[in-house]
Amino acid sequence: MTQPSNRVFSGVQPTGNLHLGNYLGAIRKFVALQNSHECIYCVVDLHAVTVWQDPAELGKNIREVTAAFLASGIDPRKHIVFNQSQIAQHAELAWVFNCVARMGWLNRMTQFKEKAGKDKENASVGLFSYPTLMAADILLYRATHVPVGDDQKQHLELTRDIAAKFNNDFSKQITAQGHGESYFPQTEPIIEGPATRIMSLRDGAKKMSKSDPSDLSRITLTDDADTIAKKIRKAKTDPAPLPETLEELKARPEADNLVGIYAALAETGKAEILSEFAGKEFSAFKPALAELAVEKLAPISAEMTRWMDDPTSVDAVLRDGADRARAIAEETMKEVKAIIGFLS
């Protein structure tokens, strides 16, 4: 199989309540990359079950993420959209990578420490080995690029380490079978501009989260126009007018968050927003932000609802994407098995 030159892989976990942070931090970037790359976008349901999921909710959440992809503008005919568990080769290659990766590498993964907390002895083995499955997701398609946020940079570095060690361990076999000097690519990160980090509407020091008990803390992609406007109106602020400089803004987390959301939705910088609203009260700023948020998000919400009301069509998209993804995955695993020395 020829190594692709411009292939993107990325995924989103189906854990419910997709919110504004998911859209601005990931899904909107996925849409833009369609214009310049061959894209494979995955609902990573195998990753989701590293912690317990309600079986009755999991299928609904898989469809919800797919609906968000489609409603946001991802084209499943030109690119590939599927859910991970339909392709057995993800787990198969992850096992190979479990045998390539080293315990010391995984012990350095900070995200496991954060998610497992103090009770790491009670965490699932899957949560610990999550990064090798992520490496398999990417390298199964020999993806050349991955859009990454701050929380995934370390995992992509591990993916590159695993690829390099596999290529080194099996260099003679790789060359003998006509793959050149290496089989897996050194996947490059795509980091475009400053990170879009969206914080809670109730606490500017906490990241916007699906798990926050307060629904007012986040704008979800299924919120209608009235709900979006209500949540912005009720968003926590401080009593001072909006500042004139970015330095002043940094010291005011709730103001910084709302200005950041406005800038991200408007696809501009915070400085430009301050130049327009500096010295104004939040009573003037919030209605403008609400109007912009409704303009950008309400059409996505309506389209998501349309897709969610037609699960048969969502499932058809996932099946078609899985068929096309499987064709690539099967070829990769056939070649990997031959390189390793497994009998076919």
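The values are calculated or read from the model by the stated rules, or taken from the named source; none is laboratory data. Since this is a predicted model, take the numbers as computed values, not measurements. Positions of Cβ are generated from backbone atoms using ideal geometry, with glycine treated the same way; all protein chains shown enter the neighbour counts.
Values as computed for the structure displayed
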| read-out | value |
| --- | --- |
| Segment 98-136, residues that are closer than 17 Å to Glu157 by Cβ and more than 22 Å from the chain's Cα centre (by Cα) | Val100, Ala101, Arg102, Met103, Gly104, Trp105, Asn107 |
| Extreme residue, nearest to the chain's Cα centre (by Cα), among residues of segment 204-246 that are surrounded by 14 or more Cβ atoms within 10 Å (Cβ to Cβ) and β-branched (Val, Ile, Thr) | Thr220 |
| Hits in segment 146-170 - residues which are exposed (fewer than 15 other Cβ atoms within 10 Å of the Cβ) and modelled with pLDDT of 95 or more | Ala164, Asn168, Asp169 |
| Residue satisfying condition, being part of a helix (DSSP H, G or I) and in the same structural domain as Ala94 (by TED's automatic domain parsing), within set Glu295, Glu331 | Glu331 |
| Enumerated helices (runs of 4 or more DSSP H) restricted to segment 4-119, each holding at least 3 residues that are buried (at least 21 other Cβ atoms within 10 Å of the Cβ) | 45-48, 55-72, 89-100 |
| Count of segment 36-85 residues which are closer than 23 Å to Ser301 by Cβ and polar (S, T, N, Q) | 4 |
| Residue check, Thr196 within 30 Å of Thr268 (Cβ to Cβ), of a type in the set (Ser, Thr, Tyr) and modelled with pLDDT of 90 or more | no |
| Lone qualifier among Ile273, Ile300, Ile261, Ile328 - being more than 26 Å from the chain's Cα centre (by Cα), surrounded by 15 or more Cβ atoms within 10 Å (Cβ to Cβ) and hydrophobic (A, V, I, L, M, F, W, C) | Ile273 |
| Residue among Glu303, Glu295, Glu291 that is acidic (Asp, Glu), farther than 29 Å from Val81 by Cα and at pLDDT 95 or above | Glu291 |
| Subset of segment 120-145 that is out of contact with any Phe, Trp or Tyr (no Cβ under 6 Å at 6 or more places or on another chain) and without any contact (Cβ under 8 Å) to a residue 24 or more places away in the chain - its residue that is surrounded by the most Cβ atoms within 10 Å (Cβ to Cβ) | Ala123 |
| One residue from Ile191, Ile162, Ile174, Ile228 being of a type outside the set (Lys, Arg) and outside the structural domain of Ala48 (by TED's automatic domain parsing) | Ile228 |
| Complete set of residues in segment 32-59 that are more than 19 Å from Ser5 (Cα to Cα) and either of a type in the set (Val, Ile, Thr) or touching a residue at least 40 places away in the same chain (Cβ under 8 Å) (or both) | Cys42, Val43, Val44, Asp45, Leu46, His47, Val49, Thr50, Val51, Glu57, Leu58 |
| Positions within segment 153-184 being in contact (Cβ under 8 Å) with a residue 12 or more places away in the chain, in a helix (DSSP H, G or I) and of a type outside the set (A, V, I, L, M, F, W, C), in sequence order | Lys153, Gln154, His155, Thr159, Arg160, Asp161, Lys165, Asn167, Asp169, Gln173 |
| Enumeration of residues in segment 35-52 that are modelled with pLDDT of 95 or more and of a type in the set (Phe, Trp, Tyr) | Tyr41 |
| Test: Glu267 is acidic (Asp, Glu), outside the structural domain of Asn168 (by TED's automatic domain parsing) and modelled with pLDDT under 95 | yes |
